[in-house]
Every structure is written in structure tokens, then in C-alpha cells.
Amino acid sequence: MSDKPSVLFVCVHNAGRSQMAAAWLTHLAGGRVEVRSAGSTPGENVNPAAVEAMAEVGIDISAEVPKLLTADAVKESDVCITMGCGDTCPVFPGKRYLDWQLDDPAGQGVEAVRPIRDEIRVLVEGLIKEIAPEPQS
């Protein structure tokens, strides 16, 4: 077990919001956080508009694949962040649960996905300050 905090991002298809959130956390936390993402009903592929929107900020998620949410993924995470999947996430005592209310990028073009991407970044930056702040020198 790692001494790093671990975060699980969950959305229905694990194809847009949760993929972007996981990518932002991986990119911005500098290895200080373990990152997972999953979906209650995973899609076939990551949303191409999400891939394009993240590429615009220099983050490549084109090789990511939607994954099925499992009870083990929740058990192994300190923080579980849901994004529009309602009650499909299993709940375990001692875990922290957050629900980020974000628009669903499914079926949207990159123009509609950009503001979602940017909102996710702000939320992830706040999460990092809380659970894995930069070490003081």
C-alpha cells in the first residue's frame, strides 16, 4: 500500500469527464497522487472531443481505454469522485466521496468540451491543494 493519497474518478461511460479528470490529476500532481478512473457502464472508446480538448493543453489521452467500475477500485481509493453516475458507485466506510456536477461531454463537439475540461482543471487543482500540497522547501 502506498503512502500517497489515491483518487478514483467515476462517470457513467469513463469516456469523457473521468478520463479528463484523471489526466489532469496525473499531469498536475507530479506523482504525489495515485490516480484511477472507471465507469459504471464503460463506453467503447474515449470521447474524441475529450481527446482533442486535452491535446490542446498538451495532455495525450488518446491511448486511454474506458474501464469498468469495480468494488476493488473503490476499496483501493482514499477519495472517490463521481461525475453524474448517481448511486452506481459502491460505498465503503472510511472513504471520502465527492460528487462533481459537470456537464456530460458525450455527443458534444470540442467547443462544448473545452469549458468542461477547464472546469475539471480548477476542481483538480483544488483537490491537489487539499490532499497532496506541494512540499514546503
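Some observations on this one:
- Within the stretch 87-133, the residues that satisfy the criterion of being open to solvent by 70 Å² or more (accessible area, probe 1.4 Å), within 16 Å of VAL33 (Cα to Cα) and free of Cβ contacts under 8 Å to residues at least 40 places away in the same chain are ARG96, LYS129, GLU130, PRO133.
- When ALA73 is tested against (1) farther than 14 Å from ALA15 by Cβ; (2) open to solvent by less than 20 Å² (accessible area, probe 1.4 Å); (3) at pLDDT 95 or above, exactly one condition is not met: (3).
- Scanning the stretch 1-43 for residues that are more than 12 Å from the chain's Cα centre (by Cα) and acidic (Asp, Glu) yields a count of 1.
- Looking only at residues of the stretch 44-61 that are free of Cβ contacts under 8 Å to residues at least 40 places away in the same chain and within 15 Å of the chain's Cα centre (by Cα), we find that the one that is nearest to VAL10 (Cα to Cα) is VAL46.
- All positions within the stretch 33-69 that are open to solvent by less than 50 Å² (accessible area, probe 1.4 Å) and either part of a loop (DSSP other than H, G, I, E, B) or among the charged types (D, E, K, R) (or both): VAL33, SER40, PRO42, GLY43, VAL46, ASN47, ILE59, ILE61, PRO66, LEU69
- Lone unmet requirement of (1) part of a helix (DSSP H, G or I); (2) open to solvent by 10 Å² or more (accessible area, probe 1.4 Å); (3) closer than 17 Å to GLN108 by Cα for ALA15: (1)
The values are calculated or read from the model by the stated rules, or taken from the named source; none is laboratory data. This one's a predicted model, so the numbers in the text were calculated from it and none came from an experiment. Counting neighbours? That spans all protein chains shown, and the Cβs are built from the backbone with ideal geometry, glycine included. In case anyone asks, the SASA skips ligands and DNA or RNA and just uses the protein heavy atoms, side chains included. Shrake-Rupley method; radii C 1.70, N 1.55, O 1.52, S 1.80 Å.
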